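Just below is one structure, and these are the notes that go with it.
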Amino acid sequence: MFFEGSEKKIEMVTSPEWVSLRALGRSFWAEMVARARADILAVLSNEHCDAYLLSESSLFVWHDRFLMLTCGTTTLVDAALYFFEQMPPEHIRCARFQRKNEYQPHLQKTSFMDDIDRLSQRVSGCAFRLGYLDGHHNYVFHLDKPYEPAIDDTSSELLMYHIKGKNADYLCSEYQRIKDIRRLLKLHQLFPDFALSDWLFKPCGYSMNAIRDNRYATIHITPHKNSSYVSFATNLDLANSPIVPILLKQLNPGCWDLIGFNSRWPEKVLPKNTPYQCLSTCEIQLSCGYRMGFNHFQHSDHRKVQAEKL
C-alpha cells in the first residue's frame with residue numbers, strides 16, 4: 001500500500017487594513033480546501049486562530065495570515081490561485097509556496113515547475129531549490145515583494161523518513177488508539193496547555209493540530225512500510241525546546257530534514273551523541289524578508305539497504 005505523505009505548503013500574509021481572514025468564514029475556507037481536492041474534518045479555535053484538520057493535512061487561519069499544507073495527490077496550487085483571485089493584490093504582503101521531493105512524483109497531478117508557471121501568471125515571484133537535486137530537497141516560490149517580518153515571526157519544519165522500531169510498527173497496526181498515539185508521541189509533554197485536535201485514519205495514518213494563543217504545531221504521520229513519512233511544523237522556538245530530540249527518539253527515522261524561516265536552531269536541536277550526520281545544508285536570504293534554511297540528516301545505519309523484489 002502506498003500513500004504520498006510528502007506535503008505541499010503555502011503561507012500568505014495580508015495587510016491589516018483588509019478584512020480579517022477569520023471573518024471570511026468556514027464556507028470560504030471550505031471552498032479553498034475543496035480546490036486542493038481535500039475536505040475539512042474538524043475545527044479547533046481560540047481567540048487568535050482557527051485550526052482546520054483536513055483529509056490531507058492542515059489549514060491554520062489567523063486574522064492576517066494563513067498556512068495550508070496538503071499531502072497525497074492534492075493540487076494545492078489551485079487553492080493558492082483561488083485565494084489570489086479573491087484577494088486584492090495590493091493587500092497581499094507576503095506569499096510563499098513550497099514543495100518537497102516526492103517518493104513517486106510521476107503520480108502527482110502537477111510538478112513544482114507546473115505550479116510556478118501558473119502562479120507566475122498571477123504574481124511576480126522567485127523560485128529556488130534547496131538541497132541536492134538527486135537527493136532530498138525542498139522547492140520554494142515566493143512573492144518578490146519587500147516585506148519585513150516581526151522578530152518573532154519564525155517557523156520550522158521537521159520532516160522524517162523511513163521511521164522504524166516498535167513505535168513505527170504500532171503506527172501501522174490494526175489496534176491503534178488516539179490516546180495511545182498521543183502517549184507514544186509524548187504530546188502532552190511537548191505541548192503543555194495547548195488545545196489538541198487529532199484524527200486517526202483507516203487503515204493507518206494520523207494527523208494532529210495544536211494551538212495556544214497565536215502559536216501552532218501540527219504533526220502528520222504516513223507510516224506505510226517502505227514509504228513512511230512524518231511531518232512536524234510549528235512557529236514555536238525549537239532552539240529552546242526538547243521537541244526535535246524527543247520526536248527523533250520516538251520515531252527513529254532513517255533520515256530527516258530541518259527547514260526554517262528566520263529560525264536559529266541547527267546546532268541546538270540535535271540530541272547529544274547523535275547517530276545522525278548532516279549531509280547537506282543550505283541557507284538563502286529571500287527578498288520577501290525571510291532567511292530560509294534547509295538541512296538534511298541521515299542515520300549511520302541508513303546506508304544499509306536491502307534489494308527489493310519488483
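For (1) at pLDDT below 95; (2) surrounded by 15 or more Cβ atoms within 10 Å (Cβ to Cβ), each residue gets a yes or a no:
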site	(1), (2)
Met12	no, yes
Val19	yes, no
Trp29	no, yes
Ser45	no, no
Asp50	no, yes
Leu59	no, yes
### Query
Which residues, counting only those in the stretch 264-310, are at pLDDT below 90 and within 19 Å of Phe128 (Cβ to Cβ)?
Pro266
### Message
Checking the condition closer than 25 Å to Phe294 by Cβ and assigned to a loop (DSSP other than H, G, I, E, B), which residue from Ser227, Ser207, Ser173 passes?
### Response
Ser227
### Query
Given the structure, is Arg22 assigned to a helix (DSSP H, G or I) and among the basic types (Lys, Arg)?
yes
#### Entry: Leu236 being buried (at least 16 other Cβ atoms within 10 Å of the Cβ), touching a residue at least 60 places away in the same chain (Cβ under 8 Å) and not in a strand (DSSP E or B)
yes
### Task
Scan the stretch 177-194 and report the pairs whose first residue is part of a loop (DSSP other than H, G, I, E, B) and whose second residue is of a type in the set (Val, Ile, Thr), with Cβ atoms within less than 7 Å and a gap of 6+ or a chain change.
Lys186/Ile246; Phe194/Ile211
### Query
Regarding Leu44, is this residue within 20 Å of Asn209 (Cα to Cα) and either outside any loop (DSSP other than H, G, I, E, B) or among the small types (Gly, Ala, Ser) (or both)?
yes
### Message
Checking the conditions here, which among Asp114, Asp134, Asp153 is over 18 Å from Gly5 (Cβ atoms) and either under 18 Å from the mean Cα position of the chain (by Cα) or surrounded by 15 or more Cβ atoms within 10 Å (Cβ to Cβ) (or both)?
### Response
Asp153
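The values are calculated or read from the model by the stated rules, or taken from the named source; none is laboratory data. Predicted, not measured: the structure shown is a model, and the values here were computed from it. Virtual Cβ from ideal backbone geometry, glycine too; neighbours counted across all protein chains shown.
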